[in-house]
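Trainee: Here you go, one structure.
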Amino acid sequence: QVQLVESGGGLVQTGGSLRLSCAASGRTSWPYRVGWFRQGPGKERDFVAAISGNGGITTYGNSVKGRFTISRENAKNSVYLQMNNLTPDDTAIYYCATDFRAPTMATKGPYDYWGQGTQVSVSS
C-alpha cells in the first residue's frame, strides 16, 4: 500500500510556471514508476508524463513535450512535475499515480494507486 498526495497547484497567468509535487507515504522507499495525469473540465483524463523507478527513463504526452519536466528524489519519496509556458489548455486537476508492477518502466499505465489531485488553473 502507498498513499499519494499532490501539492503545488494554483492559479497562474498564461506563460507562467508551476511545480507540482507528489509525495508518497506508507513506505520506507519508493523506487517504482510514477505517472502524472490530468483531467480538464468536461474532458477525459489525459496522460501527462511518467518516470521510471530510478528516474532514468521519462515519457511525455505530446501536448506537454518541451514544456513540462518530470523528476524525482527517491530519498524524499517525492516526484515533481515542472510546468513551464502554461496555457489555458493546461487548466485541469493533476493527479499522480503509481504501482509496484513495472519499476523499470515509464509508461502510461495502468496504475493502481492514485492521489486526490491538485487544481491547476491558467488564466488568459
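Trainee: When residues of the stretch 61-88 are filtered for being open to solvent by 50 Å² or more (accessible area, probe 1.4 Å) and in contact with a Gly (Cβ under 9 Å, 6 or more places away or on another chain), how many remain? So that I can check it myself, show each step before the final result.
Mentor: Initially, the stretch 61-88 is screened for residues open to solvent by 50 Å² or more (accessible area, probe 1.4 Å), giving 62-63, 65-66, 69, 73-76, 82, 84-85, 88.
With in contact with a Gly (Cβ under 9 Å, 6 or more places away or on another chain) added as a condition, the list becomes 73-74, 84-85.
So the answer is 4.
Trainee: Would the stretch 94-106 turn up any residue that is closer than 18 Å to Gly8 by Cβ, among the aliphatic types (A, V, I, L, M) and open to solvent by 50 Å² or more (accessible area, probe 1.4 Å)?
Mentor: Checked against the condition, which is being closer than 18 Å to Gly8 by Cβ, among the aliphatic types (A, V, I, L, M) and open to solvent by 50 Å² or more (accessible area, probe 1.4 Å), the stretch 94-106 yields no hits at all.
The values are calculated or read from the model by the stated rules, or taken from the named source; none is laboratory data. Nothing here was measured: the structure is a model prediction, and the numbers come from that model. Glycine gets a Cβ as well: all are built from the backbone with ideal geometry, and neighbour counts include every protein chain shown. The protein model used for the area step is the full one, side chains on, heavy atoms only, and it has no ligands, DNA or RNA in it. Shrake-Rupley method; radii C 1.70, N 1.55, O 1.52, S 1.80 Å.
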